[in-house]
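Inspection log for the structure reproduced underneath, given as C-alpha cells.
The values are calculated or read from the model by the stated rules, or taken from the named source; none is laboratory data. This structure is a prediction, so every number in the text was calculated from the model and none was measured. Glycine gets a Cβ as well: all are built from the backbone with ideal geometry, and neighbour counts include every protein chain shown. Heads up: the accessible areas ignore ligands, DNA and RNA and are worked out on the full protein's heavy atoms, side chains in. Shrake-Rupley method; radii C 1.70, N 1.55, O 1.52, S 1.80 Å.
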Amino acid sequence: MDKFRMMFQFLQSNQESFMNGICGIMALASAQMYSAFEFSCPCMPEYNYTYGIGLLIVPPIWFFLLGFVLNNNVSVLAEEWKRPTGKRTKDPTILRYMFCSITQRSLIAPAVWVSVTLMDGKSFICAFSINLNIDRFGNTSLLKGMSETEKLRLLARIPCKDLFENQELRVAATRYIKCISQACGWMLLLMMTFTAFLIRAIRPCFTQAAFLKTKYWSHYIDIERKMFDETCKEHAKSFAKVCIQQYFENISGHMQSFHHHHHNGDSDSEDEDKGKSEEDKLLGIRAQDDMNKVLWNWHTCKPPLALKKHHLDDEKE
C-alpha cells in the first residue's frame, strides 16, 4: 500500500507525467478494445456504408471526449475562461495554449483507433464493397442478367464469408480494398508524424520568449488553483477542530475542569500550543459568513499578480 501511495503522490505532484500516462493507457485501451471487438458487417446495401464508416468515426469521437473528461486541466481552463476579470486581466494566449495542450493529448487515443482500424481493413471492406467494379477481377459473367438492386445485394455480401458463394472473387475483392485501407492508414501515420515534427521544428523559429511566458502563466494558474484548494482544506480542517473543541468545552465544562485538575502543567501547555496552532491556521476567519465572502471575492475579483514589498519583508523576518 505504501508503494501505491508513493506512486499516487508522485503522479499528483507531476501532473504532466500523470496526464501523459493517462494518454498512453487510453491509447493501449483503444487498441485492445478494437482487438476484442467483434466485427459484424450487416452485408446489406442500405447499412454497409453506415456501419463501416460509423466504426471508423464514432469510437474516435468517444475517445476524444473521454480524453477531455479525464483531463483535470479542462476545469481549470473553463474557470479561467468564465471568471470575471476583476483586478486580473485574462490573457487569450494562455487559454489557447491550455486548450491546445489538452486537445493534443486527447487526440492520441482516437488516432490509434483510426490507425488500427485502417490497418485491419474490415471497416473499409464493409463500407466500400458495393462500389467495386467486378470487371477488374476478370469475372464478367457473374453480374450478367442482374438488375442494379441485385448487383448491390451481391456486392454487399462480399464482407460476409458465409453468404458469398464465389470465394475466389471474394478473396480478390477483399485484398484489393484492404490494400487501399492500409495505404490510407500509412498515409495517416505519415501525416501525423510529419505534423508533430513540424510543430517541434518550427517552434524554436518563432519568439521563444512569448512561448515561455505563455507556458509559465499556464503553469501558474494550475499551481495557484491547487494551492488555493489545499489552503481551503487546511482551513476547513482547523475550523472543524476548533468548532468541535469549543462545542465539547461548552457542553462538558465541569468535566473539563475536573480533567485539568488531574493533569500536570506540561500537558496543559501542550494543549494550549495545539490550540494556538489551530487558531493560527484559521487566518483570522472564524465565521461562516466571512468564509463565504472570502470564497466569493476570490471567484469574482482575484488579486492582481503584483506582489507587495512589505509582504516579502514580513516573510524574511
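Details
- Summing charges over neighbours of T207, with a neighbour being any other residue whose Cβ is under 13 Å away from its Cβ, gives +3 when K and R count +1 and D and E count -1.
- Backbone phi angles across the range 66-71, fed through the Karplus curve with coefficients 6.51, -1.76 and 1.60 (θ = phi - 60°), yield HN-Hα couplings of 5, x, 5, 5, 7, 8 Hz in residue order; Gly and Pro are listed as x.
- Accessible-area composition of the range 21-207, carbon plus sulfur, in percent [1.4 Å probe]: 65
- For the range 21-207, lysine pairs with C-alpha atoms less than 16 angstrom apart, excluding pairs fewer than eight positions apart on the same chain, total 4.
- Across the range 186-198, coupling constants 3J(HN,Hα) worked out from phi with the 6.51/-1.76/1.60 Karplus curve, θ = phi - 60°, read 5, 5, 5, 4, 5, 5, 5, 5, 5, 5, 4, 5, 5 Hz, and Gly and Pro carry x.
- Per residue, the range 21-207 exposes 61 Å² of accessible surface when a 1.4 Å probe is rolled over the protein heavy atoms with every protein chain present.
- Directionally averaged projected area (convex hull, Cα atoms, the range 21-207), nm²: 14.9
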